Each structure stands twice: as C-alpha cells, then as structure tokens.
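Q: First the structure, which I've put down as structure tokens, then a few questions once you've had a look.
The values are calculated or read from the model by the stated rules, or taken from the named source; none is laboratory data. Since the model is a prediction, treat every value here as computed from it, not as a measurement. Neighbour counts run over all protein chains shown; Cβ positions are idealised from the backbone, glycine included. SASA here: full protein model, heavy atoms, side chains in, ligands and nucleic acids out. Shrake-Rupley method; radii C 1.70, N 1.55, O 1.52, S 1.80 Å.
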Amino acid sequence: MALSRTARRRWTAAIGLTGVAVLALSACAQSERGDDASGKTGGTLIFGAAGKPKNFDPVFNDDGETFRPIRQMYETLITYKRGTADLEAGLAEKWDLSEDGKSVTFNLRKGVKFHDGTPFNAAAVCFNFDRWFNMKGSAAQSQMIYYADIFKGFAQNEGDASGDPLYKSCEAKDENTAVLNLNAYSSALPAAFGLTSLSISSPEALKKYDADTVTQSGESFSYSAYANEHPTGTGPFKFESYDKANNTITLVRNEDYYGEKAKLDKIIFKVIEDENARKQELKAGTIDGYDYPSPADFKSLKSDGFDVLIRPAFNIMYLGINQANTPALKDLRVRQALAYAVNRDQLVKTKLPEGAEVATQFHPKTVAGYADDVMKYDYDPAKAKDLLKQAGAENLSLKFYVPTEVSRPYMPSPVDYAAALTEDLKAVGITVETVARPWNGGYKDDVQKLGKHDLHLLGWTGDYNDAGNFTGTFFGREKPEFGFNDKALFDQIAAADSVVDRDKHAEAWEQVNRDVMSKFLPAVPISHSPPGIVVNKNVKGLTPSPLTDERFDTVTKD
C-alpha cells in the first residue's frame, strides 16, 4: 500500500487496533492441511451447504450461505488474506488514503475481465459505487444491509437507512485508477472494502439483466434475472446453474481468469439443510465435505478418517428483542429480566462446541473495544421474576421467532438452542409462542425487514476486525430487527466509529459496550463458538477462515 505520511499514521492506527487479534486469528485459523494443494487438478468437488442462497447479486445479500458461492465468482477491491482477517490486495493492487481520510485512490489490476468478456477498469468500479448510491426503491434499499451499514445512506433514502450518505462520488482518473470520495472519515474503511456485499459486478451484465429491479409483494421479495441467473464477476469460478429442484448450485472454472486458475473443473454446492443428513452423505461418499458439523460429531468424524477443521470463534449468537410490537419490551427492566432468565452458561456447556464461551457483550475479546467491566447478567430466575413484577409485566406473552432448515457458524443447531431458551423463559412465568420459519424462506425477512417478532435467535460472524462490524452493525441505526429508535445510542456509536486515534477509538467502543449492556440492552448476547468444517481425506488446499471466507480455487481432490 502506498500511503501518505498522515494516512500512514491513520492506517497504522487502524491496523494497530486489531493487531493482537489478527495475530491470534491467524494462528488459530491455520488449516491442518495448510495451503498444501498438492493433489491433482481437475475434477468436481461436491460440498454440502447448510442453507439455500437467496440470490447471487452480492449487494442484496448478507448471509453466509449466499456468500459461499458468491465468493467463488466475485472479487472485491481489497480482500482478506486466507485464514486471517489481514487485508491484502484484491482487484486493487494498492490503495491510498488522503490526508483528511475522505478519499481513497485505488490502483487497479490490469488485464482483468468479467465473465462476460467485458473489461474490469476504473469506470466499472465507479459504475458499481454509483449504482449502490443511487439505488431506488424501498424494496431494493432494504435488502442492501451491508451497504447501508457502511455508507449510512443513499442519494435518496427510501428504505431502512436514514443517515447522511458517506459516499460522495467516484472518479475514473484513468483506465486503472479509481478515486472514491467520501463525505466523512469512517474507521470501517478500508477493511469494509473487502465485504462480499461490495464485490464488483460487470456493468454490462447489470444493465442487460435489469439488476436494480427488486420488488416486494406482501412478505416476499423478488429479484432480477441478473441476481438469479446471470451473476457476473471476475472470480476464478463462473456461474453455471442453480437447480432449485435438486438444491444444487454449479460453478465452473473460469478459464480466462487473470491469476492462477482454479484447480477444480467444477464445484457443486449441494444444499442439505439437515446436519445429520449432511454427515450421512459424507460418509456415503456422495459429498466431499460439508459445513457446520455438529460439535458432538467432531471426535467420531476424525476417527472415521475425515479432516475436521476448526475456525476461531469470531462470532456472536444473541437473543434479539424487538421493542416495536409489545409495549412491555420498551421497559429496560423487562429486557434485563429476559437476560437474567436465560441460563447461558448451561447452554454453552451442554449444547455448543468445545471452546465456546458465554458472551458478555456483542463482540469477542479479540476485537479492540471489548470492555471487561460491562454489566453482566448471570443466570438468576428469581431476579428475573422480580424485575418483571416491578415492571408490571408478570403476564408477559411473547412471540419467539426461530430459524429452521439452517446451521450457522454461531449456532449449529438453532432449534435446539431456542428450545432451551424457551424453557428458561417459561420458568420465570413468560408465555412463549414459538414461530418456526425457514431461514431463507421467510425467517430473515420476518425479523430483519418486517419486524413481526418479539424475540428471535440470530447471530453474526465478523467480516473484519473492528467493533463497528459487530456492535455498530447491530445497533448503529434504526432497524426492524430491534424496533427502537434511540438517537443517543446512534450518535454515540457514530462518534466511536469516527475516532482515528487507536487508543481513543478502543476507549470509545468500550464505553459504547458498557452503555449498551447497562442502559439499553437491545438484545441478550448468548455465546461465541468455534465453527467447524469437515472434508474427506482426499480434499486438500482448503484454508478455514475466521470470517468463514473460504475460497475453493486452491482446493484439489485426489
């Protein structure tokens, strides 16, 4: 990276914020196989995915099951070094921050083409940023969760985002130089340029297949031909098909890739929502690997000769609280009662993987800004009952939305965890109505867009190493998921995000975490847990990522 002196200090500060954590993540994330892709080239890998993708337009997505195939087809300007949260060159060979932190100059790779044969260049980069900023329609904007979280607002806010836009303009200085101009400094950048949602698409394909058309009918969203049938990036694999009847997504090697070409001829992501069914298919030899094996199976899978690769616990599972539908939930005492009512320690010890731990706040200890002295909520059902009584909420009745047909890195078995939490809540006198919804068949829209729930089970895997990617993402602006609008909290988070000095940045986030846990408690943090990934012995070259950012171009199959 070529940096000015002031900018270098800023980058140094930003990197220093996470330096210790990055080292820890790097060390923990080493694959047992390393990057040794010594097997033969060619062949087809069939990998068991835990859930259906929503669509393949990166900017309209925010979940890992969708990102898995997208990461193989698309690339970002900056990316993360395999197995770590360290930044490295992506489609931009280097980048430079201005003295005031309000512009970023990207020097782009040469000779890169999109899968449709059109050139990747500065004009294409600016087309993508302009597209995102000028996106029209509340339906489309509401699906751009990552963009809205990072860039705060659009040219005209029509969806959930209501902030002033961070994005100002993009200039194509020449064929290989793009300059991004911002209205303010944000500590999320440059790391956030590696977000999968901000992958660069072919402008010609976006226009040809009407990519900006997103419609909402009742509770359902519909996407364009681009998003469903013609995703077009620059990555080492190209889209071939999504067979919804057979639940398979097929990608083929990009023979025109500018860098080292993928080893495999083809990858098939086979969606197998039931974890036990994924295990049985691996044992039967009908798939070559799968994600999120049950922690209870780690030992037996190893004994059977499979490689179980464990990622670091760079995530959070939480019990979400929506304050919009049930007035009692606006009362802090009621939300605190929920926190005291759930036995998180027992849940972690009995149902989560070895190495999991109870979460006291909304990001792991490895992220700067973690505060050791936050208000803690140890299991205390008597205190929970007393708080409910004080709040006049002894007859509280809540709808608890639970995701089905999915395993996530932070919650391999969400239905099991929800059942345990439900029993805890009932034990303090709360009436709980469980509403089970398929992950990408209604659950995410119900809780994240429509806010139909009172409680919900969800979580997050870090995209990059900054507190803003956790606490800031959850509570930095009004969202249907949590159903509150608290300007004081939003302003405090925005102020923390804007602090450049390393130590002061961490101190600001520590105070945010103290206040979130004591004054606001918009959700209950449950756990951090290390997710696994398992492959057959003949599969080599897969590096597990703390960000679940596994890329399959180095994978071989003997």
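Q: In the range 216-234, which residues are at pLDDT 95 or above and either touching a Gly at 6+ places or on another chain (Cβ under 6 Å) or not small (G, A, S) (or both)?
A: Answer for the range 216-234, where residues must be at pLDDT 95 or above and either touching a Gly at 6+ places or on another chain (Cβ under 6 Å) or not small (G, A, S) (or both): Y223, Y226, N228, E229, H230, P231, T232, T234.
Q: Testing D446 on (1) modelled with pLDDT of 95 or more; (2) of a type outside the set (V, I, T); (3) open to solvent by less than 20 Å² (accessible area, probe 1.4 Å), one condition comes back false. Which one is that?
A: (1)
Q: Looking at the range 46-99, which of the residues that are charged (D, E, K, R), at pLDDT below 95 and part of a loop (DSSP other than H, G, I, E, B) is least open to solvent (accessible area, probe 1.4 Å)?
A: Of everything passing the filter in the range 46-99, D63 is least open to solvent (accessible area, probe 1.4 Å).
Q: How about the range 142-156: which of its residues are open to solvent by less than 10 Å² (accessible area, probe 1.4 Å) and in a loop (DSSP other than H, G, I, E, B)?
A: Within the range 142-156, Q143, M144, G153, F154 qualify.
Q: Sticking with this structure for a sec: Would you mind telling me which numbered condition in (1) out of contact with any Lys or Arg (no Cβ under 9 Å at 6 or more places or on another chain); (2) touching a residue at least 24 places away in the same chain (Cβ under 8 Å) P480 fails?
A: P480 satisfies every listed condition except (1).
Q: May I ask you to verify whether V104 is closer than 27 Å to E158 by Cβ, at pLDDT 95 or above and part of a strand (DSSP E or B)? Spell out how you get there, then give the answer.
A: On the way: closer than 27 Å to E158 by Cβ: yes; at pLDDT 95 or above: yes; part of a strand (DSSP E or B): yes.
Yes, satisfied.
Q: With respect to G392, determine if the residue is surrounded by fewer than 17 Cβ atoms within 10 Å (Cβ to Cβ) and either in contact with a His (Cβ under 9 Å, 6 or more places away or on another chain) or on the phi > 0 side of the Ramachandran plot (or both).
A: Working: surrounded by fewer than 17 Cβ atoms within 10 Å (Cβ to Cβ): yes; either in contact with a His (Cβ under 9 Å, 6 or more places away or on another chain) or on the phi > 0 side of the Ramachandran plot (or both): yes.
Spelling it out, G392 is indeed surrounded by fewer than 17 Cβ atoms within 10 Å (Cβ to Cβ) and either in contact with a His (Cβ under 9 Å, 6 or more places away or on another chain) or on the phi > 0 side of the Ramachandran plot (or both).
Q: Going by the structure shown, is E99 over 24 Å from F239 (Cα atoms) and without any contact (Cβ under 8 Å) to a residue 40 or more places away in the chain?
A: Numbers: over 24 Å from F239 (Cα atoms): yes; without any contact (Cβ under 8 Å) to a residue 40 or more places away in the chain: no.
The answer is no for E99.
Q: Anything in the range 217-245 that is of a type outside the set (S, T, N, Q) and open to solvent by less than 20 Å² (accessible area, probe 1.4 Å)? List them, or say none. Talk me through it step by step, then tell me what you get.
A: Within the range 217-245, the first condition is being of a type outside the set (S, T, N, Q), and the residues that meet it are 218-219, 221, 223, 225-227, 229-231, 233, 235-240, 242-245.
Scanning the range 217-245 gives Y226, A227, P231, G233, G235, P236, F237.
Q: Can you name the number of the only condition in (1) touching a Leu at 6+ places or on another chain (Cβ under 9 Å); (2) crowded, with 19+ Cβ neighbours inside 10 Å; (3) among the basic types (K, R) that K266 fails?
A: The single condition K266 does not satisfy is (2).
Q: Just for the range 480-492: of the residues that are under 18 Å from L455 (Cα atoms) and open to solvent by less than 30 Å² (accessible area, probe 1.4 Å), which one is nearest to the chain's Cα centre (by Cα)? Step through it out loud before you land on a result.
A: First pass over the range 480-492, keeping only residues under 18 Å from L455 (Cα atoms): 480-485.
When the remaining residues are screened for being open to solvent by less than 30 Å² (accessible area, probe 1.4 Å), the result is 481-484.
Values: E481: 16, F482: 18, G483: 21, F484: 22 Å.
Looking at residues that are under 18 Å from L455 (Cα atoms) and open to solvent by less than 30 Å² (accessible area, probe 1.4 Å), I get E481.
Q: Out of the residues in the range 355-386 that are modelled with pLDDT of 95 or more, within 12 Å of I316 (Cβ to Cβ) and of a type in the set (V, I, T), which is most open to solvent (accessible area, probe 1.4 Å)?
A: Checked the range 355-386; the qualifying residue most open to solvent (accessible area, probe 1.4 Å) is V358.
Q: Next question, about the same structure. List the number of the failed condition for P293; all other conditions in (1) at pLDDT 95 or above; (2) under 16 Å from K537 (Cβ atoms) hold.
A: If we test P293 against (1) at pLDDT 95 or above; (2) under 16 Å from K537 (Cβ atoms), just (1) comes out false.
Q: So which residues in the range 159-216 are surrounded by 21 or more Cβ atoms within 10 Å (Cβ to Cβ), farther than 27 Å from D466 by Cβ and small (G, A, S), if there are any at all?
A: S202, A211
Q: I would also like to ask the following. Going through the range 109-141 one residue at a time, which ones are touching a helix residue (DSSP H, G or I) at 6+ places or on another chain (Cβ under 6 Å) and either under 23 Å from E88 (Cα atoms) or open to solvent by 10 Å² or more (accessible area, probe 1.4 Å) (or both)?
A: D116, T118, A124, F127 - these are the residues of the range 109-141 that are touching a helix residue (DSSP H, G or I) at 6+ places or on another chain (Cβ under 6 Å) and either under 23 Å from E88 (Cα atoms) or open to solvent by 10 Å² or more (accessible area, probe 1.4 Å) (or both).
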